[in-house]
Structure formats: C-alpha cells, structure tokens
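For reference, the structure discussed in these notes is given below.
None of the figures in this text is laboratory data; all of them are computed from the coordinates on show. Everything numeric here is computed off the predicted structure, so don't read it as measured data. Cβ placement follows ideal geometry from the backbone for every residue including glycine, while neighbour counts extend to all protein chains displayed.
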Amino acid sequence: MSGEPVLDIRGLSVDYGLGDAAVHAVRDVSLTLHRGEVLGLAGESGSGKSTLAYGMLRLLPPPGVVRSGQVFYHPGDDEPVELMSLSAKRLRRFRWAEVAIVFQGAMNSLNPVHTVATQLTDVIAAHEPRTTPAARRARAVELLTLVGINADRLGSFPHQLSGGMRQRVMIAMALALEPRVVVMDEPTTALDVVMQRQILAKLVELRERIGFSVLFITHDLSLLVEFSDRIAIMYGGRIVEDAPAGQLYRDSLHPYSDGLLHSFPALRGPRRELTGIPGSPPDLRAMPSGCAFHPRCPKAFDPCAERTPTLLAPDGREDQNRTVACWLHTADRAMT
Amino acid sequence: MVAPTEPAASGTTDVVLEAVGLTKHFPVRRRAAELLSRRRRAVRAVDDVDLVLRRGRVTAMVGESGSGKSTVARLLSQLVHQTAGRITLHDEVVDARRGRRFRAHCRRVQLVFQDPFASLNPIHTVRYHLTRALRIHHRDGDLTQGLHDLLTRVSLTPPEQFLAKYPHELSGGQRQRVAIARALAAGPEVLLADEPVSMLDVSIRLGVLNLLRDLRDRLHLAILYITHDIASARYFADEVLVMYAGQVVEGGDGEAVTQRAAHPYTRLLIASAPDPDRIAGEQTEDAAQAGGEPPSLIDPPAGCRFHPRCPHAMARCSTEAPPSFAVGDNGSGHWAACWLYAGAGS
C-alpha cells in the first residue's frame with residue numbers, strides 16, 4: 001500500500017426525498033480509499049452503506065439526493081477530479097473506466113436474454129468504440145480466464161451458469177476497462193460459504209496482480225476482518241469507527257463495533273455465551289438525539305444523548321491512524 | 001446402510017420425531033425426446049436421510065443451498081410427501097396428507113420460515129396472526145391470556161403494545177419473534193426452524209438464537225435448526241448433521257463435528273467459513289484443494305456424491321456409496337459416510 005488516496009469523500013450527505021419529509025440516509029461522511037487498499041464498509045441494513053456508495057458515484061435514482069459534500073478522484077498524474085460537479089458527458093466517460101461497481105444482486109444484474117460474450121464486449125464497445133469486434137472478443141476471453149471461467153462459456157446465457165459463475169462474470173465485467181477502483185456491494189451475500197471463499201480468494205489474487213483498490217460493502221464483519229486492510233463501520237448514516245482491520249478486531253473502541261464483533265459465534269476456540277446487541281437498529285425517520293447508538297449502548301453516559309460525537313483520533317492514540325466517533329474516546333477535545 | 005451409532009445420552013432423552021430412510025424425488029418435466037421412453041428423470045432432493053429429534057435438544061442441519069435441507073423440514077412437517085422412507089412421531093407412523101390428520105400433525109410439529117418479511121401477512125395485525133393460530137389449534141381456552149403468554153414467551157413485552165401492530169411496524173427481529181410465537185401457539189413438541197436468522201441483521205441474530213435456546217430449555221421442545229452457517233450450529237446445537245447433495249454425510253455431537261471434522265466436505269465447509277483469526281490471503285489445505293460446485297441432483301455422481309470435488313478421493317469412492325462409519329472415540333456418536341474411515345470403526 002503506497003498510501004496515496006485514490007478516492008476522497010468529504011462531508012457527503014445523502015437524503016431520500018426533499019424538504020421536511022427528507023430522510024437523512026448518509027450524514028456528513030468523510031472517507032478515504034488509498035491505492036491498492038481493500039477498504040471494508042460494514043454496517044447493518046439501513047445504516048446507509050449502499051447509499052453512500054451509490055451517492056458518491058452519482059448513481060442514486062430519485063428520490064435519492066446528494067445534499068452536500070465533495071468526492072475527489074485522484075487519477076494518479078493528473079489533477080484530481082471532483083465527481084459531484086462533473087458534466088454528464090465526462091461522468092459517462094468516467095464511470096466504469098475509472099470506477100466500476102459489482103452490484104448487490106449481481107446474480108440478477110446480468111441481462112437474461114444476452115450471452116455472456118455480448119454483455120462483456122458491450123462494455124468495451126461503449127467505452128472504446130475504436131476497437132475491432134475481434135479484439136473485443138479476445139479481451140472478453142482474457143477477462144473470463146482471469147476470473148477462472150473457461151473461455152468456452154462465452155456463448156452461455158446467464159441462466160446456464162451457476163450463481164458463483166455469474167458472480168465471477170460480473171467481476172470480469174467490472175475489470176473490463178481496468179478501473180482503479182472497484183466498488184463491491186455485498187458481492188457474496190447470495191452465495192454459499194464455499195463459493196464465497198473461492199471468489200474472495202480470486203479477488204485478493206487479482207488485486208495483487210492488477211493493483212486496483214476495492215471498496216467492499218458487507219454486513220458480515222467477520223469476513224471483512226479477514227479480507228480487508230481497513231474497516232469503516234457505519235451506524236445510522238454515520239461512520240462511527242475507521243481503523244486498520246487488525247486493530248479493529250483486536251482492540252475496537254466504539255461500543256457498536258465491539259458489539260458487532262461479539263455478535264458472531266466463533267468456529268474455533270472455547271464456546272462462549274454471546275449476547276448480540278440489545279434493541280434494534282434505529283429508524284432513519286426518527287433518529288435518536290446525540291449519538292444514534294446511545295439507546296442500545298451499554299456504556300452510554302451523559303453527553304451521549306445530547307451531542308453527536310465527531311469522528312476524531314481517539315485520545316492518547318493520535319499516532320495510530322484511526323478515528324472513532326464516541327464520547328468515551330474523544331471527550332477532551334470535542335467538549336471544548 | 002449401517003445405522004449411525006446412537007449417542008451415549010440417548011437413554012436419558014426421549015425420541016420425539018424420527019425419520020428413517022427419508023427420500024424425496026421431485027419429478028422433472030419430460031423433454032420431447034423422452035416422451036416415449038420409460039425413463040423418468042427426477043431431482044433427488046433428499047436421499048436416504050436418517051434423523052432423530054429428541055425432547056429438549058437442538059439438532060442442527062448444515063449444508064449449502066440446494067443440499068436438500070429445507071426439503072427435509074418440509075417432509076417432516078408433511079407439507080410435501082416423501083417418496084420413500086418412514087417418519088414416526090412418538091413411535092407412530094406419520095401419514096398426514098390432508099384434513100384432520102394433517103392438522104393434528106401440525107399441532108405437534110411446527111415450522112418457522114426463513115423470511116419473516118414474507119411469512120407474515122402484511123395486511124393483518126399481530127393479534128390476527130396469533131389469534132388464528134390459537135383458534136385453529138385450541139378452540140377453547142382464554143384468548144386474551146393466550147395472546148399475552150405467547151408474546152411474553154418470545155420477549156415481546158409489554159404484549160399490549162405489540163398486539164395492534166402490523167408487520168411493517170416491526171423490525172426484522174421482532175417479526176421473526178412473532179413468527180416463532182405463532183408456531184408456539186399450536187403448542188408443538190417439535191419446532192422446525194428453517195434458517196430462522198439468516199435474513200436478520202448480525203446484531204440481532206443472537207437474540208433470536210438465544211430465544212430459541214431458551215424455549216428448548218423451558219418448553220423442552222425438540223428443535224431442528226437448519227442453517228448454512230456452521231459456526232452458529234456449533235454455538236446453538238447439541239447435535240450437528242452435515243448435508244451434501246441430498247445426503248447426510250456426517251453427524252454427531254456439535255463440538256465433535258465442528259472441532260474434529262471427519263468428512264472432507266465438512267472440513268471444506270469449516271475451512272471456508274470466515275475466520276477473523278486467519279491472516280488475509282492464507283488458505284488452508286482443504287479450501288485450496290477442493291474447488292468446483294455441488295453436483296446436479298438429477299444425475300448425481302455415482303458412489304460418494306462428493307468424490308469429484310474431494311481431495312482424498314480413491315478409486316472406490318467413484319463406484320460404491322460409502323456407509324456411515326464411526327469415527328473418534330467409541331460411543332461418542334460421531335460418524336461420517338466416507339471410505340477414509342472404513343477401517344477405523346467397523
């Protein structure tokens with residue numbers, strides 16, 4: 001990891017609807033994806049993780065509205081590009097060529113009436129119209145081989161492939177234009193554990209070979225701890241903790257991260273009694289005041305219900321390259 | 001097939017529901033070319049499954065999607081009828097296709113479905129759902145008290161607050177609790193829970209699992225817990241059965257199966273489960289070697305159904321289906337259907 005930022009989200013807020021009826025799905029989120037990094041974004045359903053990903057790429061259909069914030073894309077040598085102010089034409093060129101996305105229902109995102117070959121070459125034809133059909137087909141073969149599918153599957157329709165193969169076709173399609181960033185929105189949720197591991201292992205291998213960055217969105221924290229470099233945890237539309245994966249696993253600071261980490265039973269080691277997190281996720285239409293987690297938090301104290309904590313480096317660990325939004329850890333500075 | 005060794009504790013807990021040689025083949029529509037032939041193709045969803053559910057114990061059934069684990073639940077609840085095999089409830093053979101006998105079976109064996117968003121009717125309140133279940137199965141009895149007890153039992157308190165609510169006003173975890181309460185309304189002895197937590201958020205899954213465990217202890221229910229998550233099976237179940245391609249390939253005490261897995265498929269499942277303690281990119285031997293996908297159940301591989309994917313496959317595996325062999329200490333009840341253990345236990 002060289003540490004240069006590729007994608008820099010600053011103060012992004014996304015609403016559904018307008019005016020008083022608006023639901024604030026993402027609130028003032030700042031997040032940086034570095035070169036060659038796998039950044040995991042974890043949270044429960046309704047925490048805003050998918051909305052954040054779609055919002056930053058301007059993919060949100062109405063009534064989704066990006067209310068404020070900026071997203072900078074650093075193409076390496078050139079000046080950074082601000083996505084929110086990009087013209088429609090440039091945005092069209094930018095999407096997929098620089099940032100590609102593997103959608104949540106990837107099994108259903110393939111067009112059932114076209115073959116895999118048509119769908120793969122279509123992507124290349126749309127962005128690189130000067131290529132010859134033969135070259136596109138050769139590239140499609142190359143892509144399928146890359147994700148471990150035999151080239152004779154090119155003529156197959158999606159229904160002739162298994163779920164895992166369809167998912168790998170989606171990944172091949174995302175890599176077609178050699179993007180620098182791949183956003184994966186719950187890419188393996190619909191798959192079995194065995195297939196999930198095969199696909200993630202493939203992804204890790206491809207990342208090392210090709211060198212793209214991944215924003216990996218999932219609700220399965222145990223998976224992220226194993227596969228990602230950094231993890232950001234979302235709750236109620238905000239990022240509550242952002243830390244290197246190992247540090248988060250060994251020494252989580254936010255009570256919510258801690259709760260999540262103690263919510264899945266371990267396969268090895270001693271059998272322990274687990275409790276999960278009491279209560280249920282907040283309703284975005286009626287968010288609790290102050291820290292959104294305080295009604296479920298076992299460590300809540302006075303300031304939690306009144307003031308919203310900001311994402312800051314925790315007290316006494318300013319050198320650790322991590323941030324947390326919790327009064328327990330950022331009390332001194334945020335109070336002033 | 002050699003009968004699996006009974007667990008040592010079998011004398012202390014009584015058998016409620018038992019299935020022997022349970023088989024279900026779903027017919028496949030014939031193609032034009034096959035119309036005149038005598039050959040009938042079928043999806044062999046469940047093949048020769050033996051299963052015992054005991055009072056006050058949780059049996060987990062673990063497997064990938066398509067391994068036939070949900071079909072087993074449907075067979076046990078008599079929603080579909082078996083092709084072959086025998087189901088007995090307290091030593092009485094169950095044959096309840098419809099009518100009064102089916103309702104009597106339902107009263108004792110209840111099913112909880114995977115998706116609480118789909119299994120509750122969106123236009124009816126919690127009161128309606130529970131009242132219906134109570135009225136069908138117990139015509140007499142105090143309704144208000146019954147509703148109150150049910151909701152308290154699944155920790156939806158205070159009950160008055162929840163009775164008037166519609167499913168959309170409840171969170172996923174609360175909805176699944178209502179679905180469990182509805183199953184309890186019949187006063188069952190057996191609860192078949194088909195992936196009861198896989199649609200729920202991680203943070204509330206444990207709450208529902210702990211509730212089911214609490215019901216096991218207080219009501220002495222026999223619970224079949226169907227899941228694809230072997231870690232939760234270890235956490236929650238007393239006994240674990242592993243299913244692959246319609247057959248049970250390994251079974252035994254939860255700790256034994258998950259900590260000292262014998263069958264190569266179980267080892268693959270365990271190696272594939274996310275493990276935060278493992279370093280990124282590092283692969284265990286089993287996960288790296290066994291690629292591929294589950295076979296088609298219309299035309300399953302001969303012999304052991306796992307042999308095309310198995311890193312330890314021998315010549316014998318592709319011709320003869322392995323019976324179950326005892327593994328581990330004698331009398332521990334741990335067995336595996338794999339030729340690797342042919343010499344060990346017999």
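In table form, for the structure just shown:
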read-out	value
Chain B - convex hull of the alpha-carbon atoms, volume per residue in Å³	171
Rg over Rh [alpha-carbon atoms, Kirkwood Rh] for segment B:81-174	1.04
Most fluctuating residue given options B:316, B:153, B:205, as computed from a GNM of chain B linking Cα atoms under 10 Å	B:316
Radius ratio Rg over Rh of segment A:164-270, counting only Cα atoms, Kirkwood formula for Rh	0.98
Between 0 and 90°, nearest 10: helix B:202-219 axis offset from chain B longest Cα axis	80
Pairwise centroid distance, computed over Cα atoms, of segment A:144-219 with segment B:18-62, Å	33
Within a Gaussian network of chain A (alpha carbon springs, distance under 10 Å), most fluctuating of A:210, A:233, A:101	A:210
Length-normalised contact order for chain A - Cα pairs under 8 Å, 6+ apart - percent	19
Label point 7 Å beyond Cα of residue B:219 along Cβ direction - residues of segment B:151-171 with amide nitrogen under 15 Å	B:151-156
Qualifying lysines (Cα of each under 23 Å from Cα of residue B:24; at least 8 residues distant if same chain)	B:69
Dimensionless Rg ratio for segment B:29-138, taking C-alpha atoms and the 2.2 N^0.38 Å reference	1.36
Whole-percent pair-distance distribution, where bins are 10 Å wide, for the alpha carbons of segment A:181-332	10, 35, 35, 18, 3, 0
Surface/4 estimate of mean projected area, convex hull on alpha-carbon atoms of the protein assembly as shown, nm²	34.6
Helical segments meeting 24 Å axial Cα length and Kyte-Doolittle -1.0 threshold in chain A (DSSP H)	A:193-210
Computed [θ] at 222 nm, helices only, for chain B once each DSSP H run of length n ≥ 4 contributes -39500 (n - 2.57)	-9000 deg cm²/dmol
Residue-averaged [θ]222 nm for chain A, counting only DSSP H segments that reach four residues, each worth -39500 (n - 2.57)	-8500 deg cm²/dmol
Diffusion constant of segment A:58-167 at 20 °C, which comes from Stokes-Einstein with the Kirkwood Cα-pair radius and 1.002 mPa s, µm²/s	132
Gaussian network model of chain B, springs between alpha carbon atoms under 10 Å - residue of B:223, B:180, B:136 with greatest fluctuation	B:136
Spacing of the two label points (7 Å from each Cα toward its C-beta) at residue A:285 and residue A:210, in nm	4.2
Value in Å of the Kirkwood radius, where segment A:5-235 supplies the Cα pairs that are averaged	18.3
Relative contact order (%) - chain B, alpha-carbon pairs under 8 angstrom, separation at least six	22
